[in-house]
Amino acid sequence: MTVTLTNPLRVGLRQERVIPPQCLVIFGASGDLTHRKLIPALFELFRQRRLPSEFAVLGCARRPWSDEEFRSRMGEALAQEVEQHQQAWAQFASGLFYEPVDLEQPADVVRLGHRLDQIDRQRATRGNRTFYLSVSPAHYGSGCRALAAAGLLEDPQRSRVVIEKPFGRDYGSAQELNRIVQACAKERQVFRIDHYLGKETVQNILVLRFANTIFEPIWNRNYIDNVQITAAETVGVEERAGYYETSGALRDMVQNHLTQMLALTTMEPPGRFDPEAMRNEKAKVLQAAQLANEAEPWKCCVRGQYSAGGSATRPLSGYRQEPGVNPNSTTETYVAMKLFINNWRWQGVPFYLRTGKRLPKRLSEVVLTFRQAPVHLFDAAGGAPTPNQLILRIQPDEGAEFRFEVKAPGSGMRSRPVDMGFSYDESFGEPSDEGYVRLLADAMLGDATLFTRSDEVEAAWRLYTPLLELIEEAPWQLPVHPYEARTWGPAAADSLLAEDELAWRRP
Ligand code: BG6
């Protein structure tokens, strides 16, 4: 069963807001993120005609590149798109510039200011600037300070700063970084990015909940038995051992992406869809969240690390054998945990979060399992009727599905479960934009609704503090269980749910 649109003619009429003239300054422009995500997203916006003609990108990094070199390197990285849209690329690339800048050098920052003034004259960008800090997290604070000292963040209407994840390493360092950033800029100028919030399906959690009348009355402890949030990846650590070894799955995925999915699934309805109303509710629910057992966190959390696996034709190395990884590393590549949210809506409902690398499928989803029907009148396939489930498919195969019992054909009265599905692809027929397309546009528009506010990011770190402290102080109490690459994580993660007579959904 699929869902069809009530008015298919209206599909495709995207409502897009107009991005004002400005210069986007990318610090860390020689890094991976710039050519893998940011420039492709900007080129996409350009091809969708969403960038104004008075627009420029200024790439900044320490390397002594010229404008031409920056343009050709970005072009090489996007070779396929450039090949397909040569004319558009030529036009887009004429708005790309480069300035060698070390943010730690005051003279460089002064030169940056002059270059920006020059670009303003050349491209009519009107002194309006978005600064994107895609540098090492250790430089977020000093980067903001350098920009503020050069007067580049003075005008809150015409300057914004975008900060990549991870925002801090724990509660204390996030608080400290917030203090520094807020001394340099007003909170409304600060855009802490989490690319999951740019995903159409993550935003759809809000629309599904708050634009329909049928879900909200049952979206609570009276009807929902448990919630599972999964972000599974097939990739390993790739070329990022240097970063990942200091981060691990808890910091890399749980504190940000999974926690954002948790917040959108559980927050109260905001009074308005505006940045403050939205973020008030997200912060509030995260402040009410806590590990299922804060005093003995090892009882509600499992860590794992992939070992060699795969198939005879495609063997996969274990995490410890990956280039750049310490052969005795205890960094987790998998985490599963159980949380509660101590408020009126969710008291007593367990939330199970899991994420891992080198799992059998790439898949992110939120699964709400409803309580069992109180009386079983009918025979059901497999004994008891399957509880109703609402599955929000974040990726891939974006959409949602609802599982419910129907009468099985035949003369008896047996029930069996069926699924009713909605797929973005079938209903809208166009691929959704990459998260960065939406988020870059929003930051340049000055719309912070889909960015994390200081209190939210702190609440998210605070939630995991007992685990982070345990890993730091008594790691043997939370050992990393090996799991074979291309399997669904360590058996201990299954036991976590089995104790509650539940099992992870195996998609
Ligand atoms: C990033 C993490 O933030 O998200 C990566 O650093 C991870 O380790 C990636 O692979 C997953 O994003 P997505 O959009 O592919 O689910």
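None of the figures in this text is laboratory data; all of them are computed from the coordinates on show. The structure displayed is predicted, hence computed values, not measured ones. Methodologically, a virtual Cβ is constructed for each residue, glycine included, from the backbone with ideal geometry; neighbour enumeration extends over all protein chains shown.
Please say if the range 40-100 is rounded, prolate or oblate, where rounded means a/c under 1.5 for a ≥ b ≥ c the square roots of the C-alpha gyration tensor eigenvalues, and otherwise the choice is prolate for a/b larger than b/c and oblate otherwise? Judged from the Cα gyration tensor, the range 40-100 comes out oblate (a/c at least 1.5, b/c at or above a/b). Backbone phi angles across the range 240-255, fed through the Karplus curve with coefficients 6.51, -1.76 and 1.60 (θ = phi - 60°), yield HN-Hα couplings of 10, 4, x, 6, 5, 4, 9, 10, x, 4, 4, 7, 6, 10, 6, 4 Hz in residue order; Gly and Pro are listed as x.
Scanning residues 5 or more positions from Q305 or on other chains, those with amide H under 5 Å from its amide H are T333, H481, Y483, with H placed 1.01 Å from N in the peptide plane.
For the peptides 434-446, 205-217, the ranking by mean Cβ contacts within 10 Å, running from highest to lowest, is 434-446, 205-217. The HN-Hα couplings worked out from phi for the range 280-294 by the Karplus form 6.51 cos²θ - 1.76 cosθ + 1.60 (θ = phi - 60°) are 4, 5, 5, 4, 4, 6, 5, 5, 8, 7, 8, 4, 4, 9, 5 Hz, whole numbers, x standing for Gly and Pro. Here each label is just a point 7 Å from Cα along the line to Cβ, and for Q175 and N343 those points are 2.2 nm apart.
For the range 202-244, the share of alpha carbon pairs falling in successive 5 Å distance bins from zero is 5, 15, 14, 18, 12, 8, 9, 9, 8, 1 percent. Near Y132, the amide H atoms lying under 5 Å from its own belong to V25, I26, F27, V162; only residues 5 or more places off or on other chains count, and H is placed 1.01 Å from N.
Bridging of K299 to aspartates and glutamates at a Cα separation below 14 Å is possible for D494, E499, D500, once same-chain residues fewer than 8 apart are set aside. At q = 0.07, 0.09, 0.10 Å⁻¹ the log10 of I(q)/I(0) for the chain amounts to -0.42, -0.69, -0.85, computed by Debye summation with a single uniform scatterer per C-alpha, solvent ignored. Compared with the dominant principal axis of the Cα atoms in the chain, helix 454-463 is inclined by about 40°. With a cut-off of 20 Å on the backbone N, the residues of the range 132-164 near the modelled label site 7 Å out from D102 along Cα-Cβ are 133-150. Gain on full extension, evaluated as 0.36 nm per residue between Q84 and D425 minus their Cα-Cα distance, stands at 120.5 nm. Three semi-axes describe the equivalent ellipsoid of the range 223-266; taken as square roots of 5 times the Cα gyration tensor eigenvalues and ordered largest first, they are 27, 11, 7 Å. The angle separating the long axis of helix 435-445 from the principal Cα axis of greatest extent in the chain is about 50 degrees. Ordering C23, C60, C184 by the number of other Cβ atoms within 10 Å of each residue's own Cβ, fewest first, gives C184, C23, C60. Where a ≥ b ≥ c are the square roots of the eigenvalues of the C-alpha gyration tensor, would you call the range 184-278 rounded, which needs a/c under 1.5, or, failing that, prolate if a/b is larger than b/c, or oblate? Cα axes put the range 184-278 in the oblate bin. The angle separating the long axis of helix 140-149 from the principal Cα axis of greatest extent in the chain is about 40 degrees.
The 3J(HN,Hα) values that the Karplus relation (6.51, -1.76, 1.60; θ = phi - 60°) gives for the range 65-82 are, in residue order, 7, 9, 4, 4, 5, 4, 4, 6, 5, 5, x, 5, 5, 9, 2, 5, 5, 4 Hz. Gly and Pro appear as x.
In terms of its C-alpha gyration tensor, the range 82-156 comes out prolate, because a/c is 1.5 or above and the ratio a/b outweighs b/c.
Note that the range 129-261 shows a convex hull volume over its alpha carbon atoms of 161 Å³ per residue.
Of the chymotrypsin sites (Phe, Trp or Tyr not before Pro) found in the range 245-306, the ones in coil according to DSSP and having at most 16 other Cβ atoms within 10 Å of their Cβ are F273.
Straight-distance candidates among the aspartates and glutamates for linking to K407, with alpha-carbon spacing under 15 Å and chain neighbours fewer than 8 residues away dropped: D379, D419. Determine the distance separating the Cα centre of the range 176-201 from the Cα centre of the range 368-436; give it in Å without decimals. Distance between centres, Cα-based: 37 Å.
With a cut-off of 13 Å between beta carbons, the residues surrounding P137 carry a summed charge of 0, where Lys and Arg count +1 and Asp and Glu -1.
Near G310, the amide H atoms lying under 5 Å from its own belong to L316, A485; only residues 5 or more places off or on other chains count, and H is placed 1.01 Å from N. The slack between R272 and L377, meaning 0.36 nm per residue of separation minus the straight C-alpha distance, is 33.5 nm.
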